[in-house]
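Engineer: I have a structure I would like to understand better, so I am pasting it below and will then ask my questions one at a time.
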Amino acid sequence: MEVASDGGELWRLTLQYSPVGMTLVGLDGRLLMVNHALCEMLGYDAEELSQRGFQEITHPEDLDTDLEHFELALNGVIDSYRLRKRYLHSDGHPVWGDLSVALVRDAGGEPLHFVSQILDVSEQHEYEQRLRETNEELQHERQALSAIFDTVNVGLLLIDQDGRYERMNRRHQETMQLPFPEGHAGEAGQLGHVYLPDGRLMTSEDMPSYRAARGEEFDDYTYWVGDDPGDRAAFSASARQVRGPAGEHLGAALAYQEITDLMRAMRVKDQFVSSVSHELRTPLTTVLGYLELLSDRTDLPVDAAGQIEIAQRNTQRLLALVSDVLDVARAGAGHLVLTRTATDLTALVREAVETSAPMARQSGVSLRADAPDRLVAVVDGSRMRQVVDNLVSNAVKYSERGDAVTVSLRRVDGAIELDVADTGIGIPPDEVDLVCDPFFRGGKVVERQISGTGLGLNIVKSIVAAHGGTLSVESELGRGSTFRVVVPAG
Ligand code: ADP
């Protein structure tokens, strides 16, 4: 090789110890000298590799480009070139290399050989490839999300931490017309034709966007929208806070959907239930009256008396059921009217306990009341009796032989506290919050075919609420339940 001897030694050392693949390539393409790094990179030993031309170790798809540049250099068009190309490893797999080639000429300018440096960039290439794929995936995801964002029939709004509207979907833009015909400035809390369920105009603080921007999270926040009271649309909104990776507050997301049809259907259903149960009550009361008259007669055959008693019992049950349905409908429409008078709650509790006593005896459940001699409060006596009756009969019904039910009544400051505690079957934790929903019945209770309608506790809750009181439940499955009513003494 045409290099000075000390220069030759330097060259040999550089070649040998360079971490980059290096080779001298003859004008015919054969590798004249290869270094250790290149052998490593391509899986050959030096002897095997220097037998070959670069054409053999180049991936066929990248060969033409390399040859073109090689020719251009030989013809003096260029002195050097750089390419990213694939080599073939001895085991056949492609290796990505970053190739830099320079042509060395002798003193007369005649080409001598090429010097090539090849950096193994397979890892980098793989990384770039993965990055490209991830970017494409992200892009795809973003497009899909954006399509969903704009197609769903739900209004979606992103608010930043200062309450400014950051992003909204098409549905949101369409719905904004109704409450804000004059336009919206894109900031939470702007007043518009937005009304609370009771018909009052919303203040800024009531607006769902304002509440969300202030950091609240909520579900099923119902409101009405539109200037004309006869033509308003109902919406139900949910809000969630948006947080960054470190938990920092970035803003809030608001989603809402129109529920006008649902609200109308519910109103029609309530009216229907209320009028049907009302219409049923009158004839049933008449039937009961005649049955009573009949049962008072002394000239009836013995078997007829028994049959009348059965008819009476069933009519009473039917009447109680219809009254319950009517109560639920009335309470739902906010029409539960109370007639408050000074009432001795101790007497009321004793009567309720006496009424449930036969059933308790039959089921082997002990039942006792713990109350002061007299405890007067200004309440609706018959409604409060309904409360105690429902709670006590539930306590007995959901207890087993050997269990105990205790009804305790006391005055605590200006309030009356009534506890109905049982050691019965208890309520599963996931049902505790549901027991007061209309028509809710426990899974196990239905399985065991314990009779009931699921209306009692809903009525209890409505009556207690109408008195300005609270109903709470504590229960442990298999250990029993305690229902606590607290009402102002009045
Ligand atoms: P009903 O008793 O007609 O089913 P309620 O509204 O009174 O309707 O009660 C609703 C549900 O709450 C019941 O079906 C039952 O699952 C549960 N529940 C009510 N009271 C008790 C109690 N004391 N112990 C256990 N479960 C109860």
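Engineer: Go through segment 451-468 and report how many residues are within 28 Å of GLY414 (Cβ to Cβ) and in contact with a helix residue (DSSP H, G or I) (Cβ under 9 Å, 6 or more places away or on another chain).
Structural biologist: 12
Engineer: Another question about this same structure. Six or more apart or on different chains, Cβ atoms under 8 Å: show the pairs whose first residue is in segment 443-463 and under 14 Å from ASN390 (Cβ atoms) and whose second is aliphatic (A, V, I, L, M) and within 6 Å of the ligand (Cβ to nearest atom).
Structural biologist: GLY452/VAL445; LEU457/VAL435
Engineer: Mind listing whichever residues of segment 171-198 are open to solvent by 40 Å² or more (accessible area, probe 1.4 Å) and assigned to a loop (DSSP other than H, G, I, E, B)? Full working, then the answer.
Structural biologist: Let us first name the residues in segment 171-198 that are open to solvent by 40 Å² or more (accessible area, probe 1.4 Å), namely 171, 173-174, 177-178, 181-182, 184-185, 187, 190-191, 193, 197-198.
Residues satisfying the conditions are GLN177, LEU178, PRO181, GLU182, HIS184, ALA185, GLN190, LEU191, HIS193, PRO197, ASP198.
Engineer: Cβ-Cβ under 7 Å, sequence separation 6+ or interchain: first residue in segment 381-395 and open to solvent by 30 Å² or more (accessible area, probe 1.4 Å), partner among the polar types (S, T, N, Q) and more than 11 Å from the ligand (Cβ to nearest atom). Which pairs?
Structural biologist: Note: pairs meeting the criteria are ASP389/THR355; SER393/SER356.
Engineer: For segment 149-169, indicate whether the set of residues that are of a type in the set (Ser, Thr, Tyr) and under 22 Å from the mean Cα position of the chain (by Cα) is non-empty. It would help to see each step written out before you state the result.
Structural biologist: Taking segment 149-169 and keeping what is of a type in the set (Ser, Thr, Tyr), we get 151, 165.
Cutting the leftovers down to under 22 Å from the mean Cα position of the chain (by Cα) gives us 151.
Yes, segment 149-169 has at least one match.
Engineer: Can you list the strands (runs of 3 or more DSSP E) lying wholly within segment 377-490 that have 3 or more residues being over 17 Å from THR346 (Cβ atoms), within 8 Å of the ligand (Cβ to nearest atom) and not acidic (Asp, Glu)? Talk me through it step by step, then tell me what you get.
Structural biologist: Details: elements: 404-412, 415-422, 470-476, 480-488.
Counting at least 3 such residues, we get 480-488.
Engineer: Mind checking which helices (runs of 4 or more DSSP H) fall wholly inside segment 5-58 and carry at least 2 residues that are at pLDDT 90 or above?
Structural biologist: Numbers: elements: 5-17, 36-42, 46-50.
Hits in segment 5-58: 36-42, 46-50.
Engineer: Another question, if that's okay. Among the residues of segment 122-145, are any small (Gly, Ala, Ser), farther than 30 Å from ASP28 by Cα and in contact with a Lys or Arg (Cβ under 7 Å, 6 or more places away or on another chain)?
Structural biologist: Start the filter on segment 122-145 by keeping residues that are small (Gly, Ala, Ser), which leaves 122, 144.
Within this subset, residues satisfying the condition of being farther than 30 Å from ASP28 by Cα are 144.
If we keep only those that are in contact with a Lys or Arg (Cβ under 7 Å, 6 or more places away or on another chain) as well, we get none.
Within segment 122-145, not a single residue is small (Gly, Ala, Ser), farther than 30 Å from ASP28 by Cα and in contact with a Lys or Arg (Cβ under 7 Å, 6 or more places away or on another chain).
The values are calculated or read from the model by the stated rules, or taken from the named source; none is laboratory data. Remember, predicted model here, so these are calculated numbers, not experimental data. Don't worry about glycine lacking a Cβ; one is built from the backbone with ideal geometry, like all the others, and counts go over all protein chains shown. Keep in mind that these areas ignore ligands, DNA and RNA; they rest on the heavy atoms of the full protein, side chains included. Shrake-Rupley method; radii C 1.70, N 1.55, O 1.52, S 1.80 Å.
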